[in-house]
């Protein structure tokens, strides 16, 4: 009977963890660059309302 290769399993877990962490950081950077936070979402409708009466 073959013995389990624990080193391989450990490496695969480490790679999966690293990939997940990189994806999280990438998503966080996209949110920071794209939205500007929850305050930016609240202010967006106000800005649209201000632009409409001026036209």
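Where a number appears in this text, it was derived from the coordinates with a stated rule and is not lab data. Computed from a predicted model, the values in this text were never measured in an experiment. Because the Cβ atoms are built from the backbone with ideal geometry, glycine has one as well, and the counts that use them run over all protein chains shown.
A simple packing score, the average count of other Cβ atoms within 10 Å per residue, orders the peptides 17-27, 2-12 as 17-27, 2-12, with the highest score first. With a simple spin-label model that places each label point 7 Å from the Cα along the Cα-to-Cβ direction, the separation between residue 31 and residue 16 comes to 2.3 nm.
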